[in-house]
């Protein structure tokens, strides 16, 4: 890379513009460092996936005016172990949980406001602090605070090359509205997200199926910085083949559809692929425990598409979503609207209906409404689909985030292959979340990891600059 | 069924809001819409009148334009709100006044001022307009108390009646999911508190937005000055009327007397508040402004501002030869204000209050499930 002696320099360069990046920028600036943040998105889309978040999970010993009760560290730990199945770095996980206790005060101190959740939030009012106005409001507060402290944020600006020598960062080439520029910095914080928006990269593991994936968040998470770090000898962490995938409305935009594209109605109906076959137990367990498997299930279907089919009995019983259901007065007409074979469609629903055993329908418990004699079964909440009009939602895999990242230590410094820490490169947020969340998902933990390691990275970078 | 294109657009957006719910802590609109799954025209009007236009949801929304979901409730609901004023207006024949409100109100104000000027010149001796300040009965030398009462009384009463009929139309809108009408005293009191404090004009505590993406808007203060200034001015007139008929104490009153004190303080508050609102309106982020509402809002604030400024002018210059002209101006503006009250932005307060009552009732007693036809 070209680097001229007169190139502009800054103490800390932060690549990325979301929660982790801004936490790092604020903390580094607080310690006296000069900070430049480069955000690939234009201002209106700043903040990557933080825009689509809603809360952060934080341990606390007592409830307060917002958090409805205590959430001890040990309970947080148990929750994390449960979802990851132990795929976590225990030291960093403990650190994350311990540090999460300070996030409430820290966030309030930088202007982030919280609210009590009122509805549609899966009962997270005790464990998770909800942002007033959601993640974009939270991010707006962080950006305001950072800029008022003297942090420079450049939008529409990407880092296109990093000059790293033997784990030591020297400079970055950045490209923005004013052209390309080499920026020298004494420390680098990488908080540029995962690679879920990079379909070509996803194809390495998923093949052509990835062409039919929808990305729930920012189109800018292309993993460019992650790739540069790995190529420079940073040790990877997390399963590269894995991503968090849920079933979302197939009509959603390819990127940034966010929360409103989710569909919470699978337990109320059946799910058919484009051969009019059911393929998984829709009533295996409570929806909050099962929603995250459906992205993968649909990804394994032909053409990566499926339809949730239900009848009028179920209409209006679940959270509304962005697009209306496709409806018809008969199953055959519905199949035609969906582009499916009407007789095969009606036959599959008929098979399902014939297998339904009557019970007492209750979504609060594992009820006794189930099927007998069909494969796959529907273990709970099975009711005949027989009341017109009939409805369907098309679904495709919606990718939330990827697990592959850079290994870091307790200071948020990236580790080079062999385990030696880089002298001046730090990582925070989704780019390193796989250290803590190696598998599964726990609501709000992405923001926790981002904020905890963002602060550590900012602090560490400033300390490095000060030495 | 949804009537207008704007209502349909609002319904499209509200459906997305109902799937998201991130804004539920910001104001009253989101908790209100979350109580329903489907919406009809009357519901959209209700949400529109519940919206205080603080702008927070626009800046907080991850789906604001240029996102293809293009959520912009402040702008869309402002348009629906203006349409709803026409929809509920009484008599219905006057609904079109809302469509070209700025122009019509300006014309009526000009005609009204001209009328008062012409009347005072025609009914009085030549030159009286410029010499009345020397007479002991003050401005009653130009227009008798009885003439004022005879002119303003009926107009005022008609306006009150027309506005009550509009309110009744809004409340009884058959085309709306009905709340269970109950807990009326508590709900009314809740609405009085919510409206009187502008509880929902603060972005849920973070503040309101006007010209940019910083929550530093002062419209809440300006509105308080305007509203309470207006009430003080109204109180001044009411006390004067009681003095006149109850105690035979006739104007002009000394500066320390209640009508004067109330009127002066109220006048300054009203002038300052409306001045602030006009300036804020001019600076407002264009993305948040529904162009069709501009004339109506400006006309109303300007009328209030002129009422205050001419009233204060009369108060300060009452002893000079300018008094006659100022009186004609003041009476002309006030007359036009009263006359156009049911057909201008004034009604926003009534419908918003009614919407707050409806919300309070719905929160306490729930909604009736509407049978879909």
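Be a star and scan the range B:297-326 for residues whose amide nitrogen sits under 14 Å from the point 7 Å along the Cα-to-Cβ vector of residue B:110. It comes to no residues whatsoever. For the residues of A:319-329, the average number of beta carbons from a partner chain within 10 Å of their own beta carbon is 3. FRET efficiency for the pair residue A:296 and residue B:193, taken as 1/(1 + (r/R0)^6) with r the Cβ-Cβ distance and R0 = 35 Å, rounds to 0.10.
Over chain A, what is the relative contact order in whole percent, taking alpha-carbon pairs under 8 Å and six or more residues apart? Show your work: numbers first, answer last.
Numbers: 1148 pairs, mean separation 109.7, N = 467.
It rounds to 24 percent for chain A.
With respect to chain B, whose longest principal axis is taken over its alpha-carbon atoms, helix B:323-340 is tilted by about 30°. Between the Cα long axis of helix A:90-100 and the first principal axis of chain A there is an angle of about 90°, rounded to the nearest 10. Mind giving me the FRET efficiency for residue A:463 and residue A:211? R0 is 60 Å, r the Cβ-Cβ distance, nearest 0.05 is fine. So, using R0 = 60 Å, E works out to roughly 0.85. Averaging the Cα positions of each part gives two centres, and for the range A:83-153 and the range A:220-287 these lie 23 Å apart.
What average count of beta carbons from other chains do you get within 10 Å of the Cβ of residues in B:56-65? Intermediate values should be presented prior to the final figure.
Numbers: counts 3, 3, 0, 4, 11, 5, 19, 9, 3, 1.
Counting other chains' Cβ atoms within 10 Å and averaging over B:56-65 gives 6.
Per residue of B:323-331, count partner chain C-beta atoms within 10 Å of its C-beta, then hand back the mean as an integer.
Values: counts 0, 0, 0, 0, 0, 0, 0, 0, 0.
Whole-number average of other-chain Cβ neighbours for B:323-331 is 0.
Classified by the C-alpha gyration tensor, the range A:322-376 has an oblate form. Its axis ratio a/c, with a ≥ b ≥ c, is 1.5 or above, and a/b does not exceed b/c. Taking each DSSP H run with n ≥ 4 as -39500 (n - 2.57) and averaging over every residue of chain B yields -20500 deg cm²/dmol at 222 nm.
Axis angle, to the nearest 10 degrees, between helix B:73-88 and the longest C-alpha principal axis of chain B: 60 degrees.
Normalised by the number of residues in the range B:28-137, the mean separation of alpha-carbon contacts (under 8 Å, six or more apart) gives a relative contact order of 15 percent.
What value, in deg cm²/dmol to 500, does the helix sum -39500 (n - 2.57) over DSSP H runs of n ≥ 4 give at 222 nm once divided by the residues of chain A?
Values: 12 runs with 127 residues, N = 467.
Helix-only estimate at 222 nm: -8000 deg cm²/dmol.
Note on residue A:388 and residue B:148: their simple-model spin labels are 7.2 nm apart, each label 7 Å out from Cα toward Cβ.
For the peptides B:25-32, B:347-354, A:382-389, the ranking by mean Cβ contacts within 10 Å, running from highest to lowest, is B:25-32, B:347-354, A:382-389.
Sort B:69-82, A:178-191 by the packing proxy (mean of other Cβ within 10 Å over each peptide's residues), most packed first. Walk me through the numbers on the way to the answer.
Numbers: B:69-82: 22.9, A:178-191: 21.4.
Taking the mean over residues of other Cβ atoms within 10 Å, the ranking is B:69-82, A:178-191.
Once you order the gyration tensor axes a ≥ b ≥ c over the Cα atoms, which shape class does the range A:51-165 get: rounded for a/c under 1.5, otherwise prolate or oblate by comparing a/b with b/c? In terms of gyration-tensor shape, oblate. Reducing the range A:155-170 and the range A:303-360 to their Cα centroids gives an inter-centroid distance of 51 Å. For the pair the range B:182-230 / the range B:309-373, the C-alpha centres are spaced 16 Å from each other.
Which peptide among A:50-61, A:152-163 comes first, and what is the full order, when sorted by highest mean count of other Cβ atoms within 10 Å?
Details: A:50-61: 24.1, A:152-163: 18.2.
Packing proxy ranking, top to bottom: A:50-61, A:152-163.
Given R0 = 56 Å, the distance between the Cβ atoms of residue B:186 and residue A:231 translates into a calculated FRET efficiency of 0.25. Please label the shape of the range B:167-320 as rounded, prolate or oblate, based on the square roots a ≥ b ≥ c of the eigenvalues of the alpha-carbon gyration tensor (a/c under 1.5 means rounded; beyond that, a/b larger than b/c means prolate, else oblate). Cα axes put the range B:167-320 in the oblate bin. Computed on chain B, with alpha-carbon pairs under 8 angstrom and 6+ residues apart, the relative contact order is 28 percent.
Bear in mind that the values in this text are calculations on the coordinates, not laboratory data. In this text, all values refer to a predicted model and were calculated from it rather than measured experimentally. FYI the Cβ positions are ideal-geometry reconstructions off the backbone, even for glycines, and counts take in every protein chain you see.
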